[in-house]
1. In this structure, is Ala316 under 30 Å from Ser13 (Cα atoms), in contact with a Ser or Thr (Cβ under 6 Å, 6 or more places away or on another chain) and not assigned by TED's automatic domain parsing to the domain that holds Arg23?
2. Can you tell me which residues in the range 281-300 are at negative phi and part of a loop (DSSP other than H, G, I, E, B)?
3. Can you name the condition, by its number, that Leu330 falls short on among (1) surrounded by 14 or more Cβ atoms within 10 Å (Cβ to Cβ); (2) modelled with pLDDT under 95; (3) not aromatic (Phe, Trp, Tyr)?
4. For the range 253-280, name all the residues that are more than 13 Å from Ser224 (Cβ to Cβ), under 20 Å from the mean Cα position of the chain (by Cα) and not in a helix (DSSP H, G or I).
5. Counting just the residues of the range 361-379 that are in a strand (DSSP E or B) and of a type outside the set (Val, Ile, Thr), which one comes out nearest to Thr180 (Cα to Cα)?
6. Might you let me know whether the range 136-150 holds any residue that is buried (at least 18 other Cβ atoms within 10 Å of the Cβ), over 22 Å from Glu79 (Cβ atoms) and out of contact with any helix residue (DSSP H, G or I) (no Cβ under 8 Å at 6 or more places or on another chain)?
7. What is the residue count in the range 380-410 for residues that are more than 14 Å from Ala348 (Cα to Cα), more than 20 Å from the chain's Cα centre (by Cα) and not in a helix (DSSP H, G or I)?
8. So which strands (runs of 3 or more DSSP E) stay within the range 165-234 end to end and still have 3 or more residues that are under 16 Å from the mean Cα position of the chain (by Cα), aliphatic (A, V, I, L, M) and under 29 Å from Ala74 (Cβ atoms)?
Amino acid sequence: MTTRTNSRQVEASKVLVVGFNVRPLARSARLAGFHVLAVDYWGDLDLSQWAEHYLAVLNQQPDERPDRPSLPTAQALVEGAEQLLLRHGEVRHILVSGGFDDSPAEWAALTEFGSLAGNTPELLKSARDREATADLARRCGAELPAGESAKSRKTFRNAVTRLALPVVVKPFHGSGGFFTQVLRTEEETEKYAIRHDFDAVPVIVQELVVGTDASVSVLGTGHSACAISVNEQLIGLPQLGRGRSKAYCGNIIPLKADSSVITGLASAAEAMTESLGLIGSNGFDFVVAHDGTPYFMEINPRFQATLEAIELTTEANQVKLHLAACEGHLPDEAPPHLASCARIIVYARQYCVIPDLSQISGVVDIPIPGSHADPGDPVCTVNHVAPTHEEAIDGAWHTVEAIYAQLRPLKTSE
C-alpha cells in the first residue's frame, strides 16, 4: 500500500472516507468543513487536494503498471483504514463509498473502528438481497426483468434457452457491472459456458431490457425518504472500450425524460428506501424501457459515483445532506439542478502510457504521469458542466477524445 501525507495539520473535526474511488467523497467531506483521512484503491494525484492523509491500495509509479493486490478489494480497504486510524487517531465519522456492497463482514469491521454514518451491516444485507428487493420493487411500482439463477453449465444453458438471446449474465454478487456481460449469439453463449466456473461463481441470467439506464439518489432517515436526483447512467459504451460488458461508464445528470418517468422512478426509490429503513445516501439502479416502464436492477446502500456530478449541478453538499439524514433530517424538497453535467470514465482501449492529464480542464481522478494501463483499466474521469443536456454531453466527449489522442500505445509481449 502507498501512504502519502500532506503537511497541513489535522484538527479535531475529522472524518475517514473509505472506498474504491474515494476522491469525490473526500472532496465533498472537505467542502463540508471536515479534515479528511482517506483510504482509496487507486491513489490518484488529485486525492491529495482533499485529504490531509491518505492511503492507497495500488502503488502507482512512472513507467510501470501497478501490481494488483492479492487481497480482495474490500479487505484491503479495511486494512488500510485500520492502518490510517492507528497513525492519525480517531475520527468523528466514517463515510463509505463503493467497494463494500457485497462484503458485509468488511462493512461490519469498519463499524468497529468508529461511528460509521449510514447503514448498518444488517441493512446492507437487506438492501443487497436480490430476491427480497425484487419482491419489494414490484410492490413499489417497478417491474423486474425475467431471470433465472444458474449454478452449473447445464442450468445456465437451460436458462438461456428459456429466456432467449440476447440475455444479460451477471454474478450473484458484485457492483459496477464489470463482470456483467451481454450475450447476443450462440457462439458467445458457448464460450461463456465453457470458460465460466459456475461452482465458484453462480450467475443470474436475465432478459435484456432495452431502454435508458437510470439511477436515483435517495436520502433516508430509517423512516422517511427524499429522492434528491434522478440520473442517466452510461453503461457498457463501446466507444470507451466497454461494449462487451455492462460496466459503469459514467452519468448524465439530471436524467432527460418525461416528468411522469422522473416521478415514477423517484417514487419507487423512496418507497423502497422507507420500506427497508435505509439511512443516509443510497442509490437505486433502473432501466427505463421504451414505453416508460421502470425495471429495477439493484440498490447501492452507500454514497454513489454520482455524488460529484450532483454537487456540480445543484450546489448541495452531499456529505452534509447525508449526515443530516443520519440524524433524522431531510430537505423539504430535492435541490434544483442549475445545469447539466456529463461524467464520463475514460477506459484504456489498449495497453498505453498515461501522460500528465492535470492541465486538461474537467479531468479528475488523475493517475501518476507515465504510469501504464491495460485495456479496460480506468484512465481518468471527465466532468463537463453546461447549461443543457446536449452541451454537457458534447463538451465531455470532446475532452474524452482529446485524452485518447494523448495516450501513448505501449508494446507488450502479451
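1. Numbers: under 30 Å from Ser13 (Cα atoms): yes; in contact with a Ser or Thr (Cβ under 6 Å, 6 or more places away or on another chain): no; not assigned by TED's automatic domain parsing to the domain that holds Arg23: yes.
Considered against the rule, which asks whether it is under 30 Å from Ser13 (Cα atoms), in contact with a Ser or Thr (Cβ under 6 Å, 6 or more places away or on another chain) and not assigned by TED's automatic domain parsing to the domain that holds Arg23, Ala316 comes out as no.
2. Selection gives His290, Asp291, Thr293.
3. (2)
4. Ile253, Pro254, Leu255
5. Of the range 361-379, the ones in a strand (DSSP E or B) are 363-364, 372-373, 378-379.
If we keep only those that are of a type outside the set (Val, Ile, Thr) too, we end up with 372-373, 378.
On the way: His372: 25, Ala373: 21, Pro378: 17 Å.
Only one residue tops the list, namely Pro378.
6. yes
7. So the answer is 3.
8. The strands (runs of 3 or more DSSP E) meeting that bar are 211-221.
The values are calculated or read from the model by the stated rules, or taken from the named source; none is laboratory data. A quick note: this is a predicted structure, and the numbers were derived from the prediction, not measured. Using ideal geometry, Cβ is built from the backbone for each residue, glycine included, and neighbour counts are taken over all protein chains shown.
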